[in-house]
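Notes to accompany the following structure.
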Amino acid sequence: MVKKVAILTNGGDAPGLNAVIRAIVKTARTYGVEAYGYIEGYKGLLNNNYVKLDLQGNASGLLNKGGTIIGTSNSTNVFNYKVVNDDGSVEYKDLSDICVKNIQEAGFDCLFTLGGDGTQKSSRDFSLKGVNCIGVPKTIDNDVAHTDMTFGYNTAVSVAVEALDRLHTTAEAHHRIMVLETMGRYAGWLALESAIAGGADVALIPEIPYDINKVVDKINERRARGKEFSIVVTSEGAMPKDGTITVKKTLNDGSGLDNIRLGGVGEKLAGQLEELTGMVARNTTLGYVQRGGSPSAFDRVLSTKYGCKAMELAMAGIFNVLVTYKNGAMSYISLEEVVGNNKKIGAASGNTKESNIRKVPMDDDLIKVARNLGICLGD
């Protein structure tokens with residue numbers, strides 16, 4: 001029987017994390033279960049650093065609170081952990097057995113892992129070591145496999161759309177091309193939906209390598225119709241045909257992590273478009289603004305659904321699964337299916353051939369809608 005559970009939040013922060021924690025803790029109380037939180041994700045699990053979550057204290061008032069009260073880490077892979085020796089040499093060690101021991105000695109019957117594809121990859125790896133894991137998909141990128149929507153995504157889209165509304169006024173007043181660069185990594189959900197909701201003229205996403213001349217044609221077509229401004233939305237992972245993604249910097253956080261930080265494609269596009277069209281072009285990169293702040297009403301409800309469902313699954317003895325939101329209903333799927341072909345213990349998630357991230361399919365309604373509206377997708 002489940003009597004004691006632990007929660008960790010890992011990877012980038014996202015609106016709704018605290019709402020999920022709140023839902024798990026409140027549902028746990030309904031079932032008479034104690035809930036704890038590991039501090040700073042898998043780093044806290046490795047360091048055996050956890051706190052009890054109290055609805056009268058640290059777990060109170062969380063529904064509208066951004067960030068995560070138990071902290072997070074996006075640079076910790078305990079299955080391939082970077083260790084710097086006394087002589088300065090670096091080696092990678094599998095320290096996951098320490099984590100398993102910590103869980104067992106603390107008496108936790110289930111570990112809830114709140115995070116994206118990398119977090120759930122490690123969750124699957126822990127499940128193979130006998131840990132009862134239940135994943136909850138978190139990312140503003142909306143790219144976790146087998147779930148229609150991750151919490152935090154709706155809020156991020158709303159932030160981007162508000163930015164586009166403001167950029168429209170400046171673009172129209174100054175007869176400029178305004179470029180907005182969104183997050184999204186290797187999936188274009190955020191950029192595409194923001195472009196549709198924000199009335200953009202161009203939307204560039206990783207799934208469709210773009211031809212800059214097609215974008216120029218769209219802008220010139222608008223000018224021929226008397227529209228002396230244009231709005232371009234680009235995902236940070238968009239890339240030109242026969243080109244590569246724009247990398248802001250490469251980190252050295254360790255093997256088995258996505259050490260590539262994307263960024264800069266918006267500035268590059270603005271420069272190219274200014275040169276090719278003769279119009280003034282300016283770029284705005286939203287960056288971390290999309291990840292911070294209070295969750296939208298939709299995300300508060302979705303996060304609460306995710307948290308409640310996760311705790312219900314634990315009470316039913318259904319472990320080593322990811323909670324999913326499919327066709328408007330809460331469900332679950334095995335972590336093995338979430339991982340897909342990325343089977344190797346400690347392997348990286350994200351931009352690899354074996355990765356199982358959810359990208360925008362070319363027959364998705366968002367693609368069809370964009371094309372019907374005349375939004376240029378760069379192809």
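Here, each number is a calculation from the coordinates, and none is a lab measurement. Please read all numbers here as calculations on a predicted model, not as lab measurements. With ideal geometry, Cβ positions are generated from the backbone for all residues, glycine too; neighbour counts draw on all protein chains shown.
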Which one, Glu40, Glu207, Glu221, has the greatest fluctuation when you compute a Gaussian network model over the chain with C-alpha springs under 10 angstrom?
Glu221
Along the charge dipole of the chain, Cβ charges K/R +1 and D/E -1, which of Gly37, Gly152, Gly184 sits furthest on the positive end?
Gly37
Between Lys4 and Lys227, what is the label-to-label distance in nm when each label sits 7 Å out along the Cα-to-Cβ direction?
6.2
Under 18 Å from the Cα of Lys3 - aspartates and glutamates, other chains or at least 8 residues apart:
Glu34, Asp54, Glu105, Asp109, Glu312
Taking 0.36 nm per intervening residue step and subtracting the Cα-Cα distance, what contour gain separates Asn341 from Leu373 on full extension?
7.9 nm
With Cα coordinates, the longest principal axis of the chain makes an angle with the long axis of helix 265-277, in degrees rounded to 10, of 10
Just to verify a number: FRET efficiency for Asp242 and Glu275, C-beta to C-beta distance, R0 = 22 Å, to 0.05?
0.70
What percent antiparallel are the DSSP beta bridges of the chain, to the nearest 5?
35
Pull up the cross-link candidates among the aspartates and glutamates for Lys227, meaning alpha carbon to alpha carbon under 18 Å and not fewer than 8 places away within one chain.
Asp165, Glu172, Asp201, Asp217, Glu274
Kindly flag which residue pairs out of Lys241/Lys368; Lys43/Lys309; Lys121/Lys248; Lys214/Lys343; Lys214/Lys248; Lys101/Lys359 have an alpha-carbon separation exceeding 32 Å in this structure.
Lys214/Lys343; Lys101/Lys359
Could you check the spin-label model distance between Ile318 and Thr30? Points 7 Å from the Cα along Cα→Cβ, value in nm.
1.5
Would you work out the charge dipole size for the chain about its Cα centre, treating the Cβ of every Lys and Arg as +1 and the Cβ of every Asp and Glu as -1, and quote it to the nearest 20 debye?
640
With label points set 7 Å from each Cα along the Cα-to-Cβ direction at Ser334 and Asn220, the distance between them in nm comes to 5.5
Under a 5 Å amide H to amide H cut-off, with H placed in plane at 1.01 Å, what residues pair with Ile177 once short-range neighbours are removed?
Ser230, Val280, Ala281, Arg282
FRET efficiency (Val100, Ala197; Cβ distance; R0 51 Å; to 0.05) is 0.70
Amide H to amide H under 5 Å from Thr234: which residues, 5+ apart in sequence or cross-chain, H placed 1.01 Å off N in plane?
Leu180, Glu181, Thr182, Leu204
Assigning unit charges at the beta carbon (Lys, Arg +1; Asp, Glu -1) and nothing else, what dipole magnitude in debye, to the nearest 20, does the stretch 153-297 show about its Cα centre?
140
So between Asp87 and Asp211, what do we pick up on full extension, going 0.36 nm a residue minus the alpha carbon distance?
39.6 nm
